[in-house]
Structure formats: C-alpha cells, structure tokens
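Here's the structure, in structure tokens; my notes come after.
The values are calculated or read from the model by the stated rules, or taken from the named source; none is laboratory data. Note that the coordinates shown come from a computational prediction; the quantities given were computed from them, not determined experimentally. Cβ sites come from the backbone with ideal geometry, for glycine too, and all protein chains shown count toward neighbours. With ligands, DNA and RNA removed, areas are computed over all heavy atoms of the protein, side chains included. Shrake-Rupley method; radii C 1.70, N 1.55, O 1.52, S 1.80 Å.
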Amino acid sequence: MDILSSFSVFGSTLLSLLSSPTNLLLLIGASFAGIIFGALPGLTATLGVALLTTLTYGMDVNTALIALLGLYVGAIYGGSYPSILINIPGTAAAAATALDGYPLALKGQGGRALGLTTTASLIGTLMGILVLVVAAPWVAKMALQFTSFEFFLLALFGILISGTLTSPDLVIKGWIAGLLGLAVSTIGRDPLQFFPRFTFDMPDLDQGLEVVPVLIGAFGIPQVIRALRNKESLGAMQEFGRILPEWSTLFKNRKNITRSSMIGIGIGAVPGIGEDIAGWVSYGAAKNTSTHSETFGTGEPEGIIASETANNACIGGALIPLLTLGIPGSPPAAMLLGALMLHGITPGPMIVVEDPDFLIEVTAILVLCSIAMWINGMFLAKQVVKVLSIPAPIFLPVVTLMCILGSYALGLNIFNLYMMVLVGVIAYFLGEMQYPISPLVIGVILGPMADENLRRAMMVSEGSLMPFLERPVSILLLLVIVLVLLSKVPQYQTLKSIILKKLGFGRTSKKGA
Amino acid sequence: MQPEQLMALRRADLKTSIVLIILSTLMIIESFSFPLSDSYAGVTNAWYVSPALFPILIASILLICGIALFVKALVFVKKNAGTASAKESSESWGRFFLLVSLIAGQVYGWVPIVDFALAAFVFLFLFIFSFYSDSVLVQKKILFLWTSLSIALLLIAQVFSPGEEARMFLDWGVVLVIGLIVFVSKNWANQTQTQKAWRSSWKAALVVTIIACPVFRLGMLVPLPTEGIVIEKMVDAKYAIRDMWRGK
C-alpha cells in the first residue's frame with residue numbers, strides 16, 4: 001500500500017469514527033474508565049482490558065477497538081495520578097513517576113506534575129504510534145517468510161525473554177512460570193489430531209481453558225486478595241491547582257522525550273515485557289545522562305517526563321509484535337490479543353495480506369485514544385481524584401463481582417468461573433513466592449502456537465532437527481535463545497570475563513581509579 | 001529483602017520445587033499414554049507429530065527447572081540454617097481465608113443455584129462490611145456464616161439438583177436468610193462500633209446490584225448464571241414496559 005492510499009484510509013477512518021456520536025462518547029468514556037482503572041491502586045490496565053473485552057462482545061471490530069485501546073492508553077497514563085498525589089503508584093508502570101512526582105506535589109506543584117505527565121504521555125503514545133505504523137508493515141513483510149521453525153522459536157523466545165526480564169527473584173522462577181503457562185495450554189484436544197490431553201474425561205476441558213477467564217483469574221483475583229490482605233490503603237491526598245501542559249519545559253526536554261520514547265517502544269516490542277520496565281529503564285537513562293542527576297528524586301520534571309513518555313510509548317511498541325507476529329508485547333497486549341481473536345481477527349503476518357487497511361485503522365483509533373486521554377487528563381482530573389477517595393474495601397469487592405460477571409459472560413459457562421477462582425488462587429500464591437505472572441499468561445497464549453508449529457516443522461523435516469540450523473532466521477533466534485539462557489549461568493559469566501580480560505577488553509578495577 | 005523473609009521464601013521454594021517435580025513427572029507419565037507412534041482415529045502417527053511430543057518436552061524442561069530450584073533452595077537453607085523464617089500473622093491469614101472463602105463460596109456455592117441478583121447483593125454486602133469495618137470479630141463471624149451457607153448451597157446443588165420450582169422456593173428462602181444476615185450483622189456492627197461501615201456496605205451492595213444486573217442482562221443481553229425470582233421479574237418488567245410503550 002503506498003503512502004497516499006495509507007493516508008486516505010487513515011483520514012477516512014478518523015472521519016467515520018468521529019462522525020458517530022456513539023463512538024465519541026465511547027472513546028471519552030473508555031479513556032476515562034481507563035484512567036480510573038490505572039489510578040486505583042490494585043487495578044491494572046490488563047484487568048481493565050480483560051473486563052471490558054466481555055462488554056465489547058456485541059460490538060463491531062472498530063467500535064470494540066475504540067473501547068479497548070481507549071481504556072489501555074488511559075490506564076497506562078492513569079497510574080501517574082496516585083503516584084504524584086499520594087506517593088502510591090496506581091500501576092507498576094507509574095512506579096518511577098512517584099520518585100519525582102510526589103516531591104513535586106509536596107512543593108505545591110501537583111497540577112504542574114499532572115500537566116507534564118498528561119502531555120508527556122500523549123507525546124509518548126504518538127511516538128509509539130508513529131513507529132508502529134512505519135515498522136509494522138516491514139516486520140509483517142519479513143514475517144511472511146517465516147515458517148513453522150521460526151514461529152516455534154519465536155514463541156519460545158517470547159516466553160523465555162519474558163521470564164528472564166520480569167522475574168523479581170531468581171530467573172529460573174520466570175522460566176518456570178512460562179513453562180507452567182505452556183503446560184496449562186496443553187489441556188484440551190490437541191490442535192492437529194484432536195486427541196484429548198489432560199482432560200480426565202471432563203467434557204468442559206475438551207476445548208481447553210478459555211483464555212479470558214484464565215487472564216481475569218491470573219490478574220484480577222490475586223490483586224484483590226493482596227490489596228485487602230495487606231490492608232493497602234491510600235495516603236493523604238496532596239492538593240493540586242490548575243493543570244497546564246507547560247510546553248516550554250517539554251520543549252527543553254525534547255532529547256529526553258525522544259530517548260524515552262525509543263526506550264519505551266524498544267521494550268514494548270520485546271514479547272511479554274510491559275510498561276513497568278519501560279518506565280524504570282527510561283527513568284534510569286534520564287538520570288544517568290542528566291547534568292544534574294543529584295536533583296532526581298527531589299521533584300525533577302525530567303524524571304516524570306522520562307518515565308511517563310516511555311510507559312505510554314510502550315503501547316505502540318507492544319502492538320508491533322502483536323499485530324505482525326501474533327505475539328503480545330506486554331500483558332495488556334496479551335489481553336488485547338484475546339479480544340481481537342474473540343472478534344474474529346487473528347493477528348499475525350497474514351493480516352497485511354488479508355486486511356491491508358487494518359493496521360492503518362488501528363493507528364487512527366490509537367491517535368483518537370491518545371487525544372481522548374489528553375482531553376480527559378486536562379479537564380477531568382478533579383473527577384478522577386474524587387474516585388480515588390473511594391475506599392479499597394468498597395471498590396475491590398465490586399471489582400471481584402465484575403471479574404465473576406466478565407468470566408461468565410464470554411462463554412456463558414459456570415465452569416469458566418471455577419477455573420477463574422482456581423487460577424486466581426494459584427496465581428496469588430505464585431506471586432507471593434515471587435513468580436512473575438506475565439510469562440505464565442504469555443505461555444498460555446503462545447502455547448498452542450508453539451505446539452502446532454513445532455509439530456508442523458517436525459512433520460516437514462520428517463523428524464530432523466537440522467532445518468533449525470539451516471535457516472538464517474532460525475539460527476539467529478536459536479543464538480539469541482542460547483545467549484539469553486547462558487547469560488544467566490554464573491560459569492558463563494566468569495568464562496566471558498576471563499576471555500574478555502585476555503583479549504584486553506576487561507574492565508579496569510574501580511579501586512585503583 | 002530481610003534475611004528472615006529470604007529464608008521464608010527459600011523454604012517455600014523447596015516446597016514448590018517438590019510440587020513441580022511431582023507435577024512434571026505425572027505429566028510425563030500421562031503424556032506417554034497419548035498415541036506416540038501407533039495410530040489414532042485412522043491416522044498413523046510418527047513420534048514427531050504425536051500429541052505427546054509438546055507436553056513431554058515442556059514437562060521435561062519443567063522437571064529440570066524444578067530440580068534446579070530444589071537444589072538452589074536446599075543449598076541456601078543449609079547454608080543459612082541459623083536464620084529464622086519470617087511468618088505471616090494469624091490476623092493476616094484470617095483475612096486471606098476470609099477472602100478465599102468469600103470468592104470461592106460465591107462461585108462454587110451461590111452463583112450456580114441462587115438468583116444472581118440475590119447472590120450478588122449478599123456477596124457484596126458481606127464482602128464490603130467485613131473489610132470496611134476492619135474488625136477481626138466481624139470478619140470471624142462472617143467467615144463462619146458465609147462458609148457454612150456456601151457449603152450448604154453446594155450440597156443442595158450436588159445432592160438434590162433442584163428443579164425450577166424448587167429453585168424458586170430456594171430463592172425465597174435466600175431472601176429470608178439475607179434479611180436475617182442484615183439484621184444480625186447490625187448487631188455485630190453495634191458491638192464493634194462499626195455502624196457507619198454497616199450502612200455504607202448495604203447501600204453500596206444495593207446500588208451496585210441494581211446497576212450491574214440490568215446493565216448485563218437487559219443492556220448487553222448477557223444471560224446471568226442463575227435467573228430466579230429477581231432477574232426473571234426484571235426481564236418480565238422490561239417486556240411489559242416495552243409493550244406498554246408500544247401501546248400493545
């Protein structure tokens with residue numbers, strides 16, 4: 001598709017969406033709901049998208065995407081409210097924002113901090129969209145050359161890297177979480193021969209576990225249990241005045257914004273790693289490169305801009321592998337994948353062939369969502385803060401009821417509810433033992449893809465593993481997987497440092513400096 | 001992380017790794033019962049297209065990871081034998097059991113058999129009241145009451161599999177029980193000086209139920225898990241109003 005026709009599709013999608021008052025209301029409403037979800041500690045963007053998926057069942061694809069993407073963008077931004085006003089991050093993605101946002105609020109500049117986060121989030125999202133629209137067709141074109149060998153390795157890489165980077169304790173726990181997800185995905189009839197695996201003669205398990213109730217269970221129930229068990233309560237709310245975008249500060253931070261956007265997009269594009277890591281990495285990079293790094297942590301606008309630009313830029317990045325390879329870039333994107341499949345859309349390289357306009361339509365919707373987020377942020381901040389004053393013991397039971405309704409409504413099957421509770425309690429214990437939940441979820445989603453492609457590949461090669469070593473992309477992926485695995489082996493680290501030292505690349509001891 | 005917390009974590013890792021080793025071994029054993037190189041449904045299998053291939057691969061790696069975790073945790077525990085483990089307070093465990101009981105009771109006991117509006121109201125009311133009041137006494141009483149009622153409902157559903165008429169009687173019985181719960185819990189609120197929490201709880205539960213049920217059932221046309229004396233009447237009322245509107 002040439003640039004002119006892309007622009008015409010983009011323009012016509014924008015016009016058609018904007019011409020419908022229902023769509024506009026939905027856009028503003030979903031974005032506002034997203035901000036609330038992000039702002040309320042204990043609720044996340046993933047859970048918001050999961051619950052909303054149920055409500056979009058009867059909508060057409062574009063309307064459903066307005067609601068889902070509106071909520072996603074809003075929730076990632078919304079986490080900054082409690083970070084700035086009460087020093088408790090609404091989502092993990094906004095944790096880095098609290099470091100400078102709260103001190104700024106203590107100085108009586110809460111409105112300024114919120115203005116900066118709102119506009120930085122808008123710029124971050126738009127940068128992410130720009131890279132998405134440029135890179136996605138290129139990635140998809142490349143992915144069209146992929147065969148079962150590459151898809152199997154890609155799924156494996158996604159789970160492995162997600163497990164490696166999201167584990168808060170031992171790396172092996174991240175891998176175990178991913179493997180558990182893959183194990184869960186094998187329940188039900190296998191995709192090639194329809195042989196019942198681990199169904200124990202229960203007809204409800206024949207189709208395997210439904211993804212949405214599993215995701216709601218994995219993300220929703222543990223959060224409710226954790227928040228109420230640990231009596232997580234909100235601190236005293238800081239006052240804030242008018243919210244202004246403060247363009248001059250943003251202009252001064254243009255380098256910071258560009259770097260943070262790139263970090264966010266890059267991290268978002270890596271399968272399974274979310275906005276939280278993007279926020280921290282970007283904050284760290286801003287601090288390291290700043291000429292006045294000692295002011296970080298005392299209310300430095302640079303810090304707020306860095307983390308908020310990056311976590312929202314992550315959205316565009318996370319959508320690149322989702323739309324082109326069918327591999328979610330972040331936990332909310334994993335939920336979005338479930339929602340798209342529910343609407344009959346299977347993301348992957350074929351999407352540019354089957355529906356060439358889809359990518360541009362998503363881009364147009366994302367642009368509208370980011371603008372809606374900015375409008376909501378600028379004009380409805382006081383209303384969001386009012387919602388923040390609802391005590392957790394009141395809103396979390398309501399969220400639990402929504403989890404029950406959401407899990408039931410998709411398949412109208414009570415068995416889904418049983419599974420949701422079971423998965424929720426197991427996920428809670430895993431979380432308490434420092435197992436990351438994202439790799440588990442990515443494993444559940446990518447399991448069927450890995451299984452099917454491994455067996456197809458083996459079928460083509462008649463049981464030979466050689467094609468894995470004969471195809472260039474395959475070799476590259478294998479190398480990356482081996483390197484990721486080796487990087488966590490202490491003996492490899494020692495060997496690497498000895499070799500580097502012998503080659504003259506060893507680090508000079510700081511003691512002597 | 002404090003040394004005591006790390007010790008507790010590694011002790012938990014030891015237990016988890018044993019569970020993982022058992023689980024993955026069982027998975028491998030079960031996978032070997034799948035068609036490997038024989039024929040299934042008229043299709044002759046080769047090992048590399050067998051439905052057992054992927055589960056065996058995953059379970060084998062899981063087994064290796066389980067063993068690695070076991071060794072790592074064991075080495076740590078032996079090395080730091082003198083360090084005590086951090087323990088959660090009994091109050092915290094009490095809250096945990098109450099939470100699991102509330103959610104599991106609602107899903108396994110109430111939702112499959114009781115009209116959803118009634119089940120949602122009583123669930124929300126007790127859930128909000130127990131945590132909003134923040135009283136250990138109230139939480140203990142609610143844990144006992146809710147668990148008993150949920151088990152009773154689960155047994156009724158499993159043993160008697162009540163028909164439509166019996167369910168209607170059950171719903172009326174539940175209405176009576178809800179009235180009693182609200183009345184009794186007011187006394188608990190008086191005992192523990194948590195009257196404000198009690199008032200907010202029933203008001204919030206009522207408002208959410210009144211909004212959520214019509215939105216899902218009438219707005220989004222999602223049938224609710226169990227439709228009894230409240231939901232059915234609500235649906236009937238909708239059609240009656242619609243007919244009246246159309247002048248039928």
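Going by what's in this entry, would B:F216 be described as open to solvent by 70 Å² or more (accessible area, probe 1.4 Å), in the same structural domain as B:F123 (by TED's automatic domain parsing) and closer than 27 Å to B:L153 by Cβ?
Taking the combined requirement at face value, the residue does not satisfy it.
Suppose we filter segment B:192-209 for residues that are surrounded by 12 or more Cβ atoms within 10 Å (Cβ to Cβ) and over 11 Å from B:L124 (Cβ atoms); how many remain?
Qualifying residue count, segment B:192-209: 7.
What do you reckon, is A:R455 closer than 20 Å to A:F146 by Cβ, among the charged types (D, E, K, R) and either more than 14 Å from chain B (Cβ to nearest Cβ) or open to solvent by 90 Å² or more (accessible area, probe 1.4 Å) (or both)?
No; evaluated as a whole, the condition is false for this residue.
In this structure, does A:G101 turn out to be in a helix (DSSP H, G or I), at pLDDT 90 or above and open to solvent by less than 30 Å² (accessible area, probe 1.4 Å)? Outline the logic, then answer.
Working: in a helix (DSSP H, G or I): yes; at pLDDT 90 or above: no; open to solvent by less than 30 Å² (accessible area, probe 1.4 Å): yes.
Taking the combined requirement at face value, the residue does not satisfy it.
Is at least one residue of segment A:198-216 modelled with pLDDT of 90 or more, in contact with a Leu (Cβ under 9 Å, 6 or more places away or on another chain) and within 11 Å of chain B (Cβ to nearest Cβ)?
Yes: segment A:198-216 contains one or more residues that are modelled with pLDDT of 90 or more, in contact with a Leu (Cβ under 9 Å, 6 or more places away or on another chain) and within 11 Å of chain B (Cβ to nearest Cβ).
Of the residues B:L143, B:L137, only one is modelled with pLDDT under 95, over 20 Å from A:L417 (Cβ atoms) and away from chain A (no Cβ under 12 Å); which?
B:L137 is the lone residue from the list that is modelled with pLDDT under 95, over 20 Å from A:L417 (Cβ atoms) and away from chain A (no Cβ under 12 Å).
If you check A:G447, A:G463, A:G443, which single one turns out to be touching a Leu at 6+ places or on another chain (Cβ under 6 Å), within 11 Å of chain B (Cβ to nearest Cβ), more than 29 Å from B:F96 (Cβ to Cβ) and not polar (S, T, N, Q)?
Among A:G447, A:G463, A:G443, only A:G447 is touching a Leu at 6+ places or on another chain (Cβ under 6 Å), within 11 Å of chain B (Cβ to nearest Cβ), more than 29 Å from B:F96 (Cβ to Cβ) and not polar (S, T, N, Q).
May I ask you to verify whether A:T166 is more than 10 Å from chain B (Cβ to nearest Cβ), β-branched (V, I, T) and open to solvent by 50 Å² or more (accessible area, probe 1.4 Å)?
Judged against the criteria, A:T166 is not a match.
Of the conditions (1) among the polar types (S, T, N, Q); (2) out of contact with any Phe, Trp or Tyr (no Cβ under 9 Å at 6 or more places or on another chain); (3) more than 28 Å from A:G316 (Cβ to Cβ), A:S438 clears all except one; give me its number.
(3)
In this structure, does A:G124 turn out to be in contact (Cβ under 8 Å) with a residue 40 or more places away in the chain, under 20 Å from the mean Cα position of the chain (by Cα) and either part of a helix (DSSP H, G or I) or surrounded by fewer than 24 Cβ atoms within 10 Å (Cβ to Cβ) (or both)?
Here the answer is yes, as A:G124 does meet what is asked.
Just wondering, is there one or more residues in segment B:149-163 that are more than 10 Å from B:V114 (Cβ to Cβ), open to solvent by 50 Å² or more (accessible area, probe 1.4 Å) and small (G, A, S)?
Yes, because at least one residue in segment B:149-163 is more than 10 Å from B:V114 (Cβ to Cβ), open to solvent by 50 Å² or more (accessible area, probe 1.4 Å) and small (G, A, S).
Being surrounded by 24 or more Cβ atoms within 10 Å (Cβ to Cβ) and assigned to a loop (DSSP other than H, G, I, E, B) narrows it down to one of A:P328, A:P356, A:P332, A:P321, so name that one. Even if it seems obvious, please write down each step before you answer.
On the way: A:P356 fails: surrounded by 24 or more Cβ atoms within 10 Å (Cβ to Cβ); A:P332 fails: assigned to a loop (DSSP other than H, G, I, E, B); A:P321 fails: assigned to a loop (DSSP other than H, G, I, E, B).
Only one candidate qualifies: A:P328.
So how many residues does segment B:62-100 have that are closer than 21 Å to A:V224 by Cα, out of contact with any helix residue (DSSP H, G or I) (no Cβ under 9 Å at 6 or more places or on another chain) and either buried (at least 19 other Cβ atoms within 10 Å of the Cβ) or of a type in the set (A, V, I, L, M, F, W, C) (or both)?
Number satisfying all stated conditions: 0.
Check whether at least one residue in segment B:70-78 is part of a loop (DSSP other than H, G, I, E, B) and not assigned by TED's automatic domain parsing to the domain that holds B:L126, and report yes or no.
There is no residue in segment B:70-78 that is part of a loop (DSSP other than H, G, I, E, B) and not assigned by TED's automatic domain parsing to the domain that holds B:L126.
Quick test of your reading of the structure: A:F194 fulfils all but one of (1) within 12 Å of another protein chain (Cβ to nearest Cβ); (2) among the hydrophobic types (A, V, I, L, M, F, W, C); (3) surrounded by fewer than 21 Cβ atoms within 10 Å (Cβ to Cβ); (4) assigned to a helix (DSSP H, G or I). Name the failing condition by number.
Going through the list (1) within 12 Å of another protein chain (Cβ to nearest Cβ); (2) among the hydrophobic types (A, V, I, L, M, F, W, C); (3) surrounded by fewer than 21 Cβ atoms within 10 Å (Cβ to Cβ); (4) assigned to a helix (DSSP H, G or I), A:F194 breaks only (4).
B:P214 passes all but one of (1) over 21 Å from the mean Cα position of the chain (by Cα); (2) free of Cβ contacts under 8 Å to residues at least 40 places away in the same chain; (3) more than 14 Å from every other protein chain (Cβ to nearest Cβ); which number fails?
(3)
Take the residues in segment A:411-435 that are more than 9 Å from every other protein chain (Cβ to nearest Cβ) and touching a Phe, Trp or Tyr at 6+ places or on another chain (Cβ under 9 Å); name whichever of them is nearest to B:F96 (Cα to Cα).
A:A427
May I ask you to say which residue of B:F121, B:F125, B:F131 is buried (at least 17 other Cβ atoms within 10 Å of the Cβ), within 21 Å of the chain's Cα centre (by Cα) and farther than 21 Å from A:K231 by Cα?
The unique qualifying residue is B:F121.
Restrict the check to segment A:150-157 and report whether at least one residue is touching a residue at least 12 places away in the same chain (Cβ under 8 Å) and surrounded by fewer than 18 Cβ atoms within 10 Å (Cβ to Cβ).
no
Here are some residues: A:I225, A:I221. Which one is in contact with a helix residue (DSSP H, G or I) (Cβ under 8 Å, 6 or more places away or on another chain), open to solvent by less than 70 Å² (accessible area, probe 1.4 Å) and under 20 Å from A:A75 (Cα atoms)?
Just one listed residue meets the conditions, A:I221.
Checking the condition modelled with pLDDT of 90 or more, at the interface with chain B (Cβ under 10 Å from one of its Cβ atoms), under 25 Å from the mean Cα position of the chain (by Cα) and open to solvent by less than 50 Å² (accessible area, probe 1.4 Å), which residue from A:I257, A:I172, A:I187 passes?
Result: A:I172 is the single residue among A:I257, A:I172, A:I187 that is modelled with pLDDT of 90 or more, at the interface with chain B (Cβ under 10 Å from one of its Cβ atoms), under 25 Å from the mean Cα position of the chain (by Cα) and open to solvent by less than 50 Å² (accessible area, probe 1.4 Å).
Go through segment B:227-248 residue by residue and tally those that are over 22 Å from A:N413 (Cβ atoms) and either outside the structural domain of B:E165 (by TED's automatic domain parsing) or without any contact (Cβ under 8 Å) to a residue 60 or more places away in the chain (or both).
Total satisfying the criteria: 14.
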